[in-house]
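Heads up, the thing below is written out as structure tokens.
The values are calculated or read from the model by the stated rules, or taken from the named source; none is laboratory data. All figures in this text were calculated on a predicted structure; none of them were measured in a lab. Positions of Cβ are generated from backbone atoms using ideal geometry, with glycine treated the same way; all protein chains shown enter the neighbour counts.
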Amino acid sequence: MPKLDLNRISMPKQEPLVRAKNFNEVALGYTAEMALAEASRCILCPKRACVDGCPVEVDIPEFIDAVRQGNMRDAVRILKSKNSLPGICGRVCPQETQCEETCSLAKKGAPIAIGRLERYVADWELAQGEMEKPEIAKPTGRRIAVVGSGPAGLTAAADLAKLGHEVTIFEALHIAGGVLMYGIPEFRMPKHIVQTEVDYVRSLGVEVRLDSVVGKTFTVDDLLGNGYNAVFLGIGAGAPMFLNIPGENLNGIYSANEFLTRTNLMKAYLFPEYDTPIKAGRRVAVIGAGNVAMDGARCSLRLGAEEVYIVYRRSEAEMPARLEEKENAKEEGIIFKLLTNPKQFFGNDQGWVTGMECYQMELGEPDDSGRRRPIVKPGSEFTIDVDTVVVALGTTPNPLVSKTTKDLEVTRRGTVVADEETGKTTKPGVWAGGDIVTGAATVISAMGAGKRAAASIDETLRG
Amino acid sequence: MYKILLREDLVPSIHLFKIEAPAVASKAQAGQFVIVRVDEKGERIPLTIADWDREEGSITIVVMAVGATTRKLAQLEAGDYIPTFAGPLGLPTHIEKFGTVVCVGGGFAVATIVPIARALKEAGNKVISIMGARNKDLLFWEDRLGSVSDSLIVTTDDGSYARKGVVTEPLKELLESNEKIDRVIAIGPTVMMKFCSLTTQPFGVKTIVSLNPIMVDGTGMCGCCRVEVGGETKFTCVDGPDFDGHQVDWDLLFARQRIYLDEEKRSLEMWEQLSKSGSEK
Ligand SMILES: Cc1cc2nc3c(=O)[nH]c(=O)nc-3n(C[C@H](O)[C@H](O)[C@H](O)COP(=O)(O)OP(=O)(O)OC[C@H]3O[C@@H](n4cnc5c(N)ncnc54)[C@H](O)[C@@H]3O)c2cc1C
Ligand SMILES: Cc1cc2nc3c(=O)[nH]c(=O)nc-3n(C[C@H](O)[C@H](O)[C@H](O)COP(=O)(O)OP(=O)(O)OC[C@H]3O[C@@H](n4cnc5c(N)ncnc54)[C@H](O)[C@@H]3O)c2cc1C
Ligand code: SF4
Ligand code: FES
């Protein structure tokens, strides 16, 4: 057996202090030499342990082998046969808890950098200019409405179009892409890449109708009554959660959704060239510790903040953000205020936030989530001076669709009830998948759900 | 892209646009709004639906040119296109047979109040309308509002036309008169809505106002439009825009409308410079 090469090739990045002042992509991508070196470490284990960790079962060893052989076209084809959006997944998937966690070399502390190779392959194809189009089955005469153009909707639409169905995506916003466009910042997920992948889906024959708010412009029943044979709901979990503590409506306090939408979708970082403004003050507190919080904090820095805090009620071990994003944030100088929970906000007589009173917390017994429950330390209140606050506690489903669709069962949390294997909801002709079913999760799990639903829709319509 | 079918200047700073948007037109109801973007780098702004024509597939909006976005819109002509026109958003105004309803419209919102007055009248209400403007030159649609009201009172702040004074004066007189008023609907500048609410409060007459905070998506996704009504936080774009005026925290609304004053000024200055240099070319 050849000796294992445990020298995982790291990703070149912009220097922390430089990148903290610009919105350009942080991770620069592998060069051809780096990709070859990394691909060559793969031992092509027959067990294909990595594939088990991949929610859409990409043929990982095969595409890596194609990279190693220099057959880039093959690598693209293998990758895209399972994953229509590799340029996105290669950038934002939490590989460390998926394919790279199950990779045989993970035990030795040096899993193959599958995500980086995936990105390399996608970027290679992009650089060639021309995207290869897969074969499209002959038209079935069936029409499908896909609601929402996030990863779940795009994946379902692409798969259904390849199967010969006529697909229309209805998207509420003026740009397609979902969270990839409005939430995840440019420096992590360049918008031209998202748009290239949206264009790819369009090139399969999918029509994208923007400015179409289902529940308002059309209802699900309108769609079913107007010639659509099936509806797939991929509307995400887009409604922001707030703390519900005193002072939360003061000026300068944003939901992460608003802060990120202004910055990313509306390009407020280019104000006044772009019309939409944003106020990122000098001292910013971001409440929460997921990817969304890291994105809020890192955007604040780039918008000119001097001091940015992550305020989190548990300890670092419980932080839900991807490891890479946590490290990036730290390198850029974001200050983590752990075991800290806001009690109330203070403002000035103009209605602007000036401070935040917090409790010190400690960890008690594990709770339902298995993580240790944070408990208030009595009498521990202290105040942090802030002029901007970004509340990044997570999101819940937006009820616009569920409120206007009869027979569609939702849970108490507002998520749509759907079969895990097929995506079928309680309403005939309606499927759902992605964050609207699971609550806020990941890009790849939304894509997986879109894929499974597409297969089920196809089977039902042909049946 | 959405085509502008018609443009009309109601008064020098208030413009009417008829926009081709069949999907919105097929669903529009009185009191709802659309989100508009005027160009590819533009902001998303909310504008009330002033009228609709389901057969033609068109929506009418009436816009007061105040800042960068509304002034850019004001430069467009019939035949031009705008990139974003999403709606109908928000809940429609609650219409039923209340009895006698006073509809108060101020400034550009006279256009907003017309379809509401019309719907109220169709529902069998007696509709008394009051419209106000700063002066004679800013008045429009007196005839339209008159045609959907049982009676109409017009005021100008400076007395240059009809009755001198502000809309709250005739409103108060009506409440004090023998006429039983069952409901008041007041739409216009925030100050006007606040003072109408303060006027009706002692009389205990339910007063509906249409709030106008800053918005982004208009679909309940961002929370930018949050207001406090009866001590509870509401998202205007999905829970409103109509709310009980007696329960609204007006100071909070005023403060939140001023968040971007500096940026709005900068945008406007930039736009003015650009349009000046453009016209010199
Ligand atoms: C800031 C941020 C950072 C994140 N970082 C990561 C990361 O690094 N890695 C990762 O894996 N995941 C990350 N996530 C999570 C991930 O983005 C989501 O889990 C994923 O996008 C869900 O996909 P979806 O297709 O279900 O929904 P979404 O991406 O939310 O898309 C839903 C789409 O539906 C549209 N829509 C909603 N309602 C309607 C309606 N009524 N009518 C028409 N259209 C409608 C929305 O406008 C939107 O475009 C992040 C999320 C956020 C917010
Ligand atoms: C539900 C609703 C319905 C409305 N209907 C109409 C209408 O029918 N006709 C009309 O002329 N105006 C209407 N408005 C107000 C209109 O949206 C603002 O005048 C417009 O956004 C100003 O944009 P600007 O760039 O021209 O001016 P700016 O210089 O940006 O701002 C001028 C004023 O408009 C407010 N404003 C700025 N940006 C926004 C925004 N994104 N959303 C809301 N308010 C903002 C600010 O508080 C400021 O006081 C409505 C507002 C709301 C919330
Ligand atoms: S488990 Fe790791 S080493 Fe094995 S084939 Fe997959 S990527 Fe290569
Ligand atoms: S405008 Fe975003 S929630 Fe109302």
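One table, with the values for the structure above:
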| item | result |
| --- | --- |
| Residue match in region A:255-276 (condition: of a type outside the set (K, R), assigned to a strand (DSSP E or B) and either closer than 16 Å to A:Q344 by Cα or more than 13 Å from ligand 1 (Cβ to nearest atom) (or both)) | yes |
| Residues that are over 30 Å from A:G281 (Cβ atoms), in contact with a strand residue (DSSP E or B) (Cβ under 8 Å, 6 or more places away or on another chain) and touching a residue at least 24 places away in the same chain (Cβ under 8 Å), drawn from region A:370-401 | A:R372, A:P397, A:P399, A:L400, A:V401 |
| Those strands (runs of 3 or more DSSP E) lying entirely in region B:14-114 with at least 1 residues touching a residue at least 12 places away in the same chain (Cβ under 8 Å), under 30 Å from A:L270 (Cα atoms) and within 14 Å of the chain's Cα centre (by Cα) | B:14-20, B:33-37, B:45-53, B:58-64, B:84-89 |
| B:V209 vs. criteria buried (at least 23 other Cβ atoms within 10 Å of the Cβ), β-branched (V, I, T) and more than 16 Å from ligand 4 (Cβ to nearest atom) | yes |
| Every residue from region A:285-330 that is over 17 Å from A:G183 (Cβ atoms), without any contact (Cβ under 8 Å) to a residue 60 or more places away in the chain and out of contact with any strand residue (DSSP E or B) (no Cβ under 8 Å at 6 or more places or on another chain) | A:G304, A:A317, A:M319, A:K326, A:E327 |
| Filter pass, A:L270 being of a type in the set (A, V, I, L, M), surrounded by fewer than 19 Cβ atoms within 10 Å (Cβ to Cβ) and within 14 Å of chain B (Cβ to nearest Cβ) | yes |
| Matching residues, region A:93-124, being farther than 16 Å from A:D52 by Cβ, surrounded by fewer than 23 Cβ atoms within 10 Å (Cβ to Cβ) and more than 15 Å from ligand 3 (Cβ to nearest atom) | A:D123, A:W124 |
| Selection within region B:237-281 - over 29 Å from A:Y269 (Cα atoms), surrounded by 18 or more Cβ atoms within 10 Å (Cβ to Cβ) and at pLDDT below 95 | B:G240 |
| Criterion (closer than 30 Å to A:P185 by Cα, in a loop (DSSP other than H, G, I, E, B), touching a residue at least 24 places away in the same chain (Cβ under 8 Å) and not charged (D, E, K, R)) met by exactly one of A:V56, A:V76 | A:V56 |
| Unique match (being in contact (Cβ under 8 Å) with a residue 12 or more places away in the chain and buried (at least 23 other Cβ atoms within 10 Å of the Cβ)) among A:G252, A:G247, A:G227, A:G236 | A:G236 |
| Matching residues, region A:386-401, being in contact with an Asp or Glu (Cβ under 9 Å, 6 or more places away or on another chain) and either closer than 18 Å to A:S212 by Cβ or within 11 Å of chain B (Cβ to nearest Cβ) (or both) | A:V391, A:T395, A:P397 |
| Residues located in region A:201-215, provided they are more than 14 Å from chain B (Cβ to nearest Cβ) and surrounded by 22 or more Cβ atoms within 10 Å (Cβ to Cβ) | A:V201, A:V206 |
| Residues of region B:212-247 that turn out to be facing chain A (nearest Cβ under 7 Å) and in contact with an Asp or Glu (Cβ under 7 Å, 6 or more places away or on another chain), as a count | 5 |
| Near pairs, Cβ below 9 angstrom, 6+ apart or cross-chain, from region B:229-242 (farther than 24 Å from A:K216 by Cα and more than 8 Å from ligand 2 (Cβ to nearest atom)) to any residue that is outside any loop (DSSP other than H, G, I, E, B) and at pLDDT 95 or above | B:G230/B:F243; B:G230/B:D244; B:G230/B:V248 |
| Filter result for A:I184 (among the hydrophobic types (A, V, I, L, M, F, W, C), within 16 Å of ligand 4 (Cβ to nearest atom), assigned to a loop (DSSP other than H, G, I, E, B) and touching a residue at least 60 places away in the same chain (Cβ under 8 Å)) | no |
| Boolean, A:L233 is more than 11 Å from chain B (Cβ to nearest Cβ), within 30 Å of A:T404 (Cα to Cα) and of a type in the set (A, V, I, L, M) | yes |
| Matching option when the condition is touching a residue at least 12 places away in the same chain (Cβ under 8 Å), in a loop (DSSP other than H, G, I, E, B) and of a type in the set (S, T, Y), among A:T140, A:T155 | A:T140 |
| Verdict on A:M11 being hydrophobic (A, V, I, L, M, F, W, C) and not in a helix (DSSP H, G or I) | yes |
| Residue count for region A:426-454, restricted to those that are buried (at least 23 other Cβ atoms within 10 Å of the Cβ) and not in a helix (DSSP H, G or I) | 5 |
| Filtered residue count, region B:222-240, keeping only those that are near ligand 4 (Cβ under 10 Å from one of its atoms) and part of a loop (DSSP other than H, G, I, E, B) | 5 |
